[in-house]
1. For region 114-132, state whether one or more residues are touching a helix residue (DSSP H, G or I) at 6+ places or on another chain (Cβ under 9 Å) and part of a loop (DSSP other than H, G, I, E, B).
2. Considering only residues that are over 15 Å from P186 (Cα atoms) and free of Cβ contacts under 8 Å to residues at least 24 places away in the same chain, which ones fall in region 238-254?
3. Report every pair of residues separated by at least 6 positions or lying on different chains whose Cβ atoms are under 7 Å apart, first residue within region 130-142 and at negative phi, second of a type in the set (D, E).
4. Could you look through region 222-237, keep only residues that are modelled with pLDDT under 90 and hydrophobic (A, V, I, L, M, F, W, C), and pick out the one that is surrounded by the most Cβ atoms within 10 Å (Cβ to Cβ)?
5. In region 33-61, which residue that is in a loop (DSSP other than H, G, I, E, B) and under 25 Å from N125 (Cα atoms) is nearest to the chain's Cα centre (by Cα)?
6. Quick check on region 103-130: of everything there that is polar (S, T, N, Q) and surrounded by fewer than 16 Cβ atoms within 10 Å (Cβ to Cβ), which residue is modelled with the lowest pLDDT?
7. Which residues, counting only those in region 1-33, are within 26 Å of G115 (Cα to Cα), loosely packed, with under 14 Cβ neighbours inside 10 Å and among the hydrophobic types (A, V, I, L, M, F, W, C)?
Amino acid sequence: MLNLDVKVLWLSKCTYLPANGVDIHSHPFFHYLYIADGSAEMKIGEKTFAAAADEFYLIQPGVGHGFTADREKGLKTIEVKFTASEMLCGRLAGLGEQMRLPDGKIRRLAENLIGEGMSKAAYRNDIVNLRFSEILLHLLRAASEQEETVRGADDPIPEFARDAGGPNGADLRKALIFMEKNLDQPVDLDTLAKIGGMSRFQFNRAFKSAYGITPIRYLGDLRFAKAKELMRYSDKNVTQIAYSVGFNDVHYFSRFFKQRESVSPNEYLKKARGSLYIYLDEKEK
């Protein structure tokens, strides 16, 4: 078992205007950089990369790095500066500077990390360190096993449940995939049951038995997670986001969102847009 001892010093969600960026610099700790949207010319040491969305970069301590955002679209990133145990540092030294996982796992984990960092709840720093440790372990696993990753931490359904369902598992997964691909459309229980090849009652019972929640609750969780993602990374307003996740009534969407997040969509949007810097270690300010 690895002794991780991960300590996140600083994390941010940054928006860089077109043709802007960060000059070459270095520091005595690791720098993790995830490209949430846009593209950039990334320089790490003697290497130059054409950085694109859903790629991430791990910069070792003392290595010079910098980037320039695309001249038209700009760049949005999630960045983490951290230290780790000597044992973990040795493992991380074996990773390449550039990585990409195939299904968006890292994006969901990184978004959860920012969400926790924004909170003022008890044990925030400890949870941030644990969640970032999970990201690093997924990177190490992918590098060592070239794993085909599955769904991640922001999913309403945990990984172990994806293969649940017993004799109905394949039919339930068809319904899951349909929900995920049709978040902007009205979807009801009758439609899902038909896709699963069952009656309403059978489908509802089988789904809840397999995943612990009803299909309609799961669909609501998917819509909520997608709405938060759009608030963080798109330029859409609240009305456009409501329509994008299947709500034709923005007032109903606002009530739905506030019930889950305890703030209105407009309040969340103001906090989520633009650059955000979170210092977990006061020395890094």
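1. yes
2. Residues of region 238-254 over 15 Å from P186 (Cα atoms): 238-240, 251, 254.
Hits for region 238-254 are T239, Q240, H251, S254.
3. What qualifies is R131/E116; R141/E147.
4. Among those residues, the one meeting the criterion is M231.
5. Step one: of region 33-61, the residues in a loop (DSSP other than H, G, I, E, B) are 45-46, 53-55, 60-61.
Filter once more, keeping what is under 25 Å from N125 (Cα atoms): 60-61.
Values: Q60: 23, P61: 25 Å.
Ranking the qualifying residues of region 33-61, first place goes to Q60.
6. S119
7. L17
The values are calculated or read from the model by the stated rules, or taken from the named source; none is laboratory data. This one's a predicted model, so the numbers in the text were calculated from it and none came from an experiment. For neighbour counting, all protein chains shown are included, and Cβ atoms are generated from backbone atoms with ideal geometry for every residue, glycine included.
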